[in-house]
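In what follows, a structure is listed as structure tokens, so that the remarks can point back to it.
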Amino acid sequence: MKTIKSLKLFGITLLLFSCSLDEVTDPNQPGVDSVTSNPTEETLNFLVQGLESRAINQQGGFITATGSIARELYDFNASDPTTTATLIGKDGAVLTGSEPQLTGVIFARYQAVKNTDFILDALADSPVSDAKKNGYRGVALTFRALMLLDVLNLLGSNGVRIDISDPDNLGPFVSRDAGFQELRDLLDQGFTALQTAEFSFAFSSGFDGFNTPATFALFNRAVAAKVAVNQEDYAGALAAVNASFLDLGGDLTVGPKRVYAQGGTELLNPIFKAPQQSGDQYVVHNRFITDIQAGDTRINKFRLRDDPVARDGLNGTHEIALYESATSPIDHIRNEELVLIYAEANIQEGNLADAVTALNVIRNAYGLADYAGAVAEPDLIDEMLYNRSYSLWAEGHAMFDLRRYDRLNSTFLPIDRAGDIVHIEFPIPPFEVQQ
């Protein structure tokens with residue numbers, strides 16, 4: 001049976017906020033028994049805080065991995081040659097599964113998944129009420145699915161390992177299709193729990209507006225819609241997004257966010273780069289400058305550099321300008337993405353007028369007139385993908401959007417250097433060893 005040896009470490013490592021638990025000698029690395037045997041409400045609350053903290057880790061690696069492959073950006077990082085070589089298939093280089101972007105993301109996502117195991121296991125012996133148990137359960141299952149979605153999307157047809165509850169006897173890899181279904185099941189179970197739940201814990205400010213069972217359930221349905229679209233279950237996506245916090249007439253920026261801060265054990269926004277700095281920089285792929293429609297204000301996501309930059313045969317005139325500072329939050333999911341999910345699902349379900357309505361919401365928000373093209377499925381798919389590419393630029397979507405429509409290839413993407421290839425998915429990392 002295959003197993004991940006390094007996952008054995010997850011059973012004794014929890015990332016909690018910089019505070020202490022009376023029941024635990026070392027609050028940053030408590031033993032498993034100390035948090036799962038007769039846990040108090042305080043202990044469970046710290047586990048939820050630790051889960052939210054874990055869920056923001058390694059977003060920089062995720063953006064670099066997916067954004068490079070999808071030709072959204074270049075990561076000009078002198079200390080990591082894979083960013084302008086392996087990830088972009090330089091001279092036909094294939095992915096090995098050892099790329100630091102992939103391994104870092106997988107470790108971080110599974111650490112968060114392990115946190116959910118701690119929460120779910122602890123509920124059996126906890127003296128808290130059934131309503132409070134359902135609160136912890138609903139949150140844990142929602143985050144579990146969200147974390148595993150990233151792993152499944154990166155590995156694609158290689159599938160995903162869902163069960164890591166026993167580090168010495170990990171569950172098997174399941175197929176892509178089975179993996180998506182298991183994620184949907186986790187989310188449905190979490191949603192059911194939230195219907196009769198009570199929250200006795202506090203989220204960070206990133207979940208303001210989504211910090212009650214009823215409002216967190218809207219986030220759960222948003223994640224379910226995201227999973228369903230990647231699964232290509234468009235009827236399911238439409239049902240889920242309509243039960244989420246989708247608001248066609250509302251603020252597109254609304255949604256739960258990853259919160260970053262300066263100092264102590266806090267993490268900084270890994271995508272922020274100081275303007276015009278030399279050396280490490282996220283450089284915009286030139287196609288996003290040349291292909292943008294006239295008047296589209298999403299051009300403001302890209303900052304013109306004083307001097308063009310080049311590295312390893314690649315070049316660019318613009319750099320990332322997504323975030324104002326190193327403490328700017330990054331969305332888990334926001335209304336803008338839900339509007340685009342609604343548009344895509346309606347296209348695929350044949351509700352073309354509803355799709356146009358949604359696409360116009362996005363277009364108008366960025367200074368563009370109503371869609372004037374043909375109201376036919378192929379044309380609307382092009383329009384939807386255009387808007388997803390600019391609205392969700394450098395947020396970890398483009399690789400999977402292109403793959404979903406068989407466009408993650410050299411027919412639809414530029415080859416930046418002779419001999420470069422476009423990757424479709426990552427292989428299972430080599431630290432998956434026979435035991």
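Shape of the range 179-257 from its Cα gyration tensor (a ≥ b ≥ c, root eigenvalues): rounded if a/c is under 1.5, otherwise prolate when a/b > b/c, or oblate? Working shown, then result.
Working: a/c = 2.04, a/b = 1.26, b/c = 1.63.
Taking the square roots of the gyration eigenvalues as a ≥ b ≥ c, the range 179-257 is oblate.
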If you average the sequence gap of Cα pairs under 8 Å that are 6 or more apart and divide by the length of the range 287-435, what percent do you get for the contact order?
17 percent
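Run the numbers on the chain and let me know its relative contact order in percent, using alpha-carbon pairs under 8 Å that are six or more apart. Provide the component values of the computation, followed by the final result.
Details: 783 pairs, mean separation 92.4, N = 435.
Value for the chain: 21 percent.
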Placing unit charges on C-beta atoms (Lys and Arg positive, Asp and Glu negative, everything else neutral), compute the dipole magnitude of the range 223-320 about its Cα centre in debye, rounded to 20.
120 debye
Inter-probe distance in nm under a simple model that places probes 7 Å from Cα toward Cβ, at ASP91 and ASP208
5.2 nm
Using only DSSP helix segments of four residues or longer, with each worth -39500 (n - 2.57), what per-residue ellipticity at 222 nm results for the chain after dividing by its residue count and rounding to 500?
-13500 deg cm²/dmol
Measuring from centroid to centroid over Cα atoms, what is the spacing of the range 219-246 and the range 247-275 in Å?
23 Å
Straight distance only, please: which aspartates and glutamates reach the Cα of LYS257 with their own Cα at less than 20 Å, same-chain residues fewer than 8 apart left out?
GLU52, ASP150, ASP208, ASP247, GLU266, GLU324, ASP331, GLU336, GLU337, GLU395
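Taking R0 as 41 Å, what FRET efficiency do you get between ASN38 and THR196 from their Cβ-Cβ distance, rounded to the nearest 0.05?
Working: r = 23 Å, r/R0 = 0.57.
Rounded to the nearest 0.05, the efficiency is 0.95.
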Gap in Å between the Cα centre of the range 153-192 and the Cα centre of the range 51-96?
24 Å
Put +1 on the Cβ of every Lys and Arg and -1 on every Asp and Glu Cβ in the chain; which of GLN49, ALA85, VAL160 then has its Cα farthest towards the positive end of the dipole?
ALA85
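Which pairs in the list LYS132/LYS273; LYS114/LYS226; LYS132/LYS226 are over 31 Å apart, alpha-carbon to alpha-carbon?
Values: LYS132/LYS273 41 Å; LYS114/LYS226 22 Å; LYS132/LYS226 27 Å.
Over 31 Å apart, Cα to Cα: LYS132/LYS273.
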Does the range 268-315 come out rounded, prolate or oblate, given a ≥ b ≥ c as the square roots of the eigenvalues of its C-alpha gyration tensor, rounded meaning a/c under 1.5 and, failing that, prolate meaning a/b above b/c?
oblate
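Taking the Cα centre of the chain as origin and charging only Cβ (+1 Lys, Arg; -1 Asp, Glu), how large is the dipole, in debye to the nearest 20? Walk me through the intermediate numbers first.
Numbers: 33 positive and 57 negative charges, 102 e Å.
Taking the Cα centre of the chain as origin, the dipole is about 500 debye.
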Extension gain from PHE431 to TYR405, taking 0.36 nm per residue of separation minus the Cα-Cα distance:
6.3 nm
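At 0.36 nm per residue, and after removing the present C-alpha to C-alpha distance, how many nm does the segment from SER157 to ASP188 gain when stretched out fully? Please report the intermediate quantities before stating the final value.
On the way: separation 31, 0.36 × 31 = 11.16 nm, distance 2.35 nm.
Separation in residues times 0.36 nm, less the Cα-Cα distance, equals 8.8 nm.
Can you tell me how much longer the chain between ALA369 and ILE424 gets when fully stretched, taken as 0.36 nm per residue apart minus their C-alpha distance, in nm with one decimal?
On the way: separation 55, 0.36 × 55 = 19.80 nm, distance 3.44 nm.
Here the answer is 16.4 nm.
Helix check for the chain. Which DSSP H runs span at least 18 Å along their own axis by Cα, with a mean Kyte-Doolittle hydropathy no less than -1.0?
On the way: long enough: 41-54 (20 Å, -0.39); 100-123 (35 Å, 0.38); 130-155 (37 Å, 0.44); 176-194 (27 Å, -0.37); 213-231 (26 Å, 0.61); 335-348 (20 Å, 0.15); 352-365 (20 Å, 0.86); 377-391 (20 Å, -0.92).
Answer set is 41-54, 100-123, 130-155, 176-194, 213-231, 335-348, 352-365, 377-391.
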Of TRP393, THR192, GLY373, which is farthest along the charge dipole of the chain in the positive direction, counting Lys and Arg as +1 and Asp and Glu as -1 at C-beta?
TRP393
How many nm separate the modelled label positions at SER328 and ASP177, each set 7 Å beyond the Cα in the direction of the Cβ?
4.2 nm
Tensor-based shape of the chain (alpha-carbon gyration tensor, a/c under 1.5 rounded, otherwise prolate or oblate):
prolate
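Just so you know, all these numbers are worked out from the coordinates, no wet-lab data involved. Owing to the predicted nature of the structure, the values given are computational and were not obtained by experimental measurement. Reconstructed Cβ throughout: ideal geometry from the backbone, glycine too, with neighbour counts over all protein chains shown.
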